[in-house]
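J.: I am attaching a structure below and will ask some questions about it afterwards.
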């Protein structure tokens, strides 16, 4: 199996076979977890496309580089060096032998109170966890946890359904995320439209608000729009907000084309499909 | 927006010292809770140091106004969230440095869960297995995912949630403050509405008291100080194996709504409680 060899400052930290999609990032749910502030939560992924292997940047903050050229998407050749933050991923097309290069199941020192795994132990531990999950997927059988059979009915099952398809193996990471836009239909605002890139967009008079309301009796914070991926949820916090003419009480998922009236300001929410 | 706040900490039934520390500053909307570790009093040092550093940093940030936070990769977050994250990172550095210089404290570390509430928005930061919950619309939502080996196994599909509660290595953390020069801090932003309750707590509570019982306590008791006392008692009743700390922040409803709750509701409270009474 082709593999990615993770290196940092000349040292090899980990090797990862590229069977299903390999997601790379800082968050622990990635296949390759790189705990470094220069790496985005979901930074990039490497996957099979027909006979090729492709690296795709997931709109990371600091970018993904192949042989020192910034790329958004590129087919990998044997020996290509993918740079993510300061970590190198060397693409080895032939792959070593098929034996996974993960550290064996890490063992834990016996301790009474709360303990902490340092980064190296942590990586070994997560590596062996992932090896177990991968092995379970290939065998089409439930994973064996370190403490006996695990009944991870939900998570691994998803992977088990279609492991053979290869090229179309469902990626855990969504395609590059869409960014919604609020367009000012009427009322006073400092811009004619706002791109909702932030995790939270506030509408109100407060100086923390992105969409700034003007006028004497406007609430400091009228509405919060929280973004999770391409899902946007509005929560009213003050004043009066209507969505498509109905008063907004609790949280509400915003849909493309929704019209918001926030304390007199009329905005159209659009989320390109 | 008015906040009503309660907080309680207790050594539990089996430990001799309390390594949890917290700060509750309703006027600043700032709440920080830490669960220290590292044996022979060092855990107490770490948790106290973390709480004090974070509070000190944010008070300074508040007085200097909109100074640009130096944290990198924080784009997309509110200023308060970025400042909270930076304060947590500084506290990590402080503990780490102190641990390096004192042989007796070399193994010390701490979890943290912090909330900074400004104008109806709660910025949350967390590292380790201390948790934050939001009680909203009569449902209790977990806002954080533990940085523990057990949680990693659950996420990887190797262990189901039920079994995880019985697992013996619940006390193995994958992230903590003070153990490495840099730490990854999980951040969340949560809009708060009147009637919501925000709960911060250490694992001494969550391992002893199931989420359903916590939801039930909030629905029935309503008064933050009493909720805290109720939860600490429940944890002790169920074994009290670890130190227990809990902070409950209620976002108060307008006076008309409070009157309605007092007079308009059937007695006994918990009109719409989703969990059946069993306390």
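J.: Pull out a ≥ b ≥ c, the square roots of the eigenvalues of the alpha-carbon gyration tensor of region B:70-202, then state rounded if a/c is under 1.5, prolate if not and a/b is larger than b/c, and oblate in the remaining case.
T.: Oblate, since a/c reaches 1.5 and b/c is not below a/b.
J.: Hey, with R₀ at 56 Å, roughly what FRET efficiency would residue B:256 and residue A:118 work out to, going by the Cβ-Cβ distance, to 0.05?
T.: Calculated transfer efficiency: 0.55.
J.: How well do other chains shield peptide B:111-119, expressed as the mean number of their Cβ atoms within 10 Å of each residue Cβ?
T.: Counting other chains' Cβ atoms within 10 Å and averaging over B:111-119 gives 2.
J.: Then there's this: Decide, for region A:1-59, between rounded, prolate and oblate: order the square roots of the alpha carbon gyration tensor eigenvalues as a ≥ b ≥ c, take rounded if a/c falls under 1.5, and otherwise choose prolate if a/b is larger than b/c, else oblate.
T.: Oblate, because a/c is 1.5 or more while a/b does not exceed b/c.
J.: Turning to a different aspect of this structure: Among B:208, B:37, which comes first, then next, by fewest other beta-carbon atoms within 10 Å?
T.: B:208, B:37
J.: Roughly how many Å is it from the Cα centre of region B:138-179 to that of region A:12-87, as a whole number?
T.: Here the two parts' Cα centres lie 27 Å apart.
J.: Another question about this same structure. Indicate the gyration tensor shape class of region B:2-277 (rounded, prolate or oblate), computed on the Cα atoms with a ≥ b ≥ c the square roots of the eigenvalues: a/c under 1.5 is rounded; otherwise a/b larger than b/c is prolate and the rest oblate.
T.: Oblate is the answer for region B:2-277, as a/c is 1.5 or above yet b/c matches or exceeds a/b.
J.: Ranked highest first by the average count of other Cβ atoms within 10 Å around their residues, in what order do B:234-243, B:48-57, B:194-203 fall?
T.: Order by mean packing, descending: B:194-203, B:48-57, B:234-243.
J.: Moving to a separate point now. If I model a spin label at residue B:155 and residue A:268 as a point 7 Å from the Cα along the Cα→Cβ vector, what separation in nanometres do I get?
T.: Taking the two extended label points, one gets 4.0 nm.
J.: Count, for each residue of A:244-255, the Cβ atoms from other chains sitting within 10 Å of its Cβ, then give me the mean as a whole number.
T.: Averaged over the peptide's residues, the number is 1.
J.: If you don't mind, there's one more thing I want to ask. Hey, can you rank A:225-236, A:197-208 by average C-beta count inside 10 Å, highest first?
T.: So the order, starting with the most tightly packed, is A:197-208, A:225-236.
J.: Ignore the peptide's own chain and count Cβ atoms of other chains within 10 Å of each Cβ in B:173-185; give me the average, rounded.
T.: Neighbouring Cβ atoms belonging to other protein chains average 4 per residue here.
J.: If each DSSP helix of 4+ residues adds -39,500 (n - 2.57) and the sum is divided by the residues in chain B, what number results at 222 nm, nearest 500 deg cm²/dmol?
T.: After summing the helix terms and dividing by the residues of chain B, the value is -10000 deg cm²/dmol.
J.: Mind listing the Cα extents of region B:154-201 along all three principal axes, in Å, largest one first?
T.: Reported extents, whole Å, longest axis first: 39, 35, 19.
J.: Continuing with this model, one more query. How many angstrom lie between the C-alpha centres of region B:199-218 and region A:205-258?
T.: Measuring centre to centre over Cα atoms gives 31 Å.
Any read-out appearing in this document is the output of simple, stated calculations on the displayed coordinates, not a laboratory observation. All values reported here derive from a predicted model rather than from experimental measurement. No Cβ is skipped: glycine too gets one built from the backbone with ideal geometry, and neighbour counts run over all protein chains shown.
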